[in-house]
Amino acid sequence: MTAKELLDRLVFDRDGLIPAIAQQHDTGEVLMLAWMNRAAIDETLATGRVCYWSRSRKSLWRKGETSGQVQRLIEFRVDCDNDCLLLLVDQTGVACHTGRRSCFFTAIRGGERTIIADVEVAPEQLYEKP
């Protein structure tokens with residue numbers, strides 16, 4: 001099966017989106033979950049720079065275009081049902097808009113909410129206008 005045939009089999013939701021999990025390629029750290037449409041997938045595969053679909057802005061979102069926290073694609077994976085993507089990436093800086101390395105910084109441990117990752121970059125610094 002060719003890459004195009006595989007991409008043609010992807011199962012998108014009614015809004016034309018598919019969930020994409022970003023994982024740091026060398027450590028296995030899960031960084032974030034975002035959404036992609038076919039245009040975001042095509043751009044990501046063509047450029048090697050990860051591009052998502054922003055549901056709030058209703059536009060393509062090139063990771064890091066305003067924050068500088070870029071994701072470079074290492075490997076593009078599709079799950080067994082063709083309805084979820086796993087992107088192995090090389091993350092520059094932090095992945096989360098809160099300034100943490102990963103969006104998954106809240107855990108429940110012993111029945112209590114626990115913050116398991118510190119802020120590395122103040123959020124207001126991520127999105128400062130030059």
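The values are calculated or read from the model by the stated rules, or taken from the named source; none is laboratory data. Just so we're clear, the structure is a prediction, and the values are computed from it rather than from any experiment. FYI the Cβ positions are ideal-geometry reconstructions off the backbone, even for glycines, and counts take in every protein chain you see. We work out accessible area using only protein heavy atoms, side chains counted, and drop any ligands, DNA or RNA first. Shrake-Rupley method; radii C 1.70, N 1.55, O 1.52, S 1.80 Å.
The table that follows gives values for the structure above.
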quantity: FRET efficiency estimate (nearest 0.05) - Cβ-Cβ, Val119 to Asp15, R0 41 angstrom; calculated: 0.80
quantity: In Å², nearest 10: area of Thr98 left accessible to a 1.4 Å probe; calculated: 30
quantity: Top of Ser56, Ser67, Ser102 by mean-square fluctuation, Gaussian network on the chain, Cα under 10 Å; calculated: Ser56
quantity: Reported label for calculated Rg and Dmax of the Cα atoms in Å given (i) 13.5, 39; (ii) 18.7, 68; (iii) 15.5, 47; calculated: (iii)
quantity: Segments 30-40, 45-55 sorted - mean Cβ within 10 Å per residue, highest first; calculated: 30-40, 45-55
quantity: Those residues of region 54-80 whose amide nitrogen sits under 16 Å from the label point placed on Leu86, 7 Å along Cα→Cβ; calculated: 74-80
quantity: Helical contribution to [θ] at 222 nm, DSSP H n ≥ 4, -39,500 (n - 2.57), averaged over the chain, rounded to 500; calculated: -3500 deg cm²/dmol
quantity: Probe 1.4 Å, protein heavy atoms only - accessible area per residue of the chain in square angstrom; calculated: 60
quantity: Extension reserve of the Ile108-Arg57 stretch, reckoned as 0.36 nm per residue once the Cα distance is removed; calculated: 15.3 nm
quantity: Gyration tensor (Cα) of region 1-60, equivalent ellipsoid semi-axes in angstrom; calculated: 18, 17, 12
quantity: Cα centroid separation, region 101-115 to region 2-45 (Å); calculated: 26
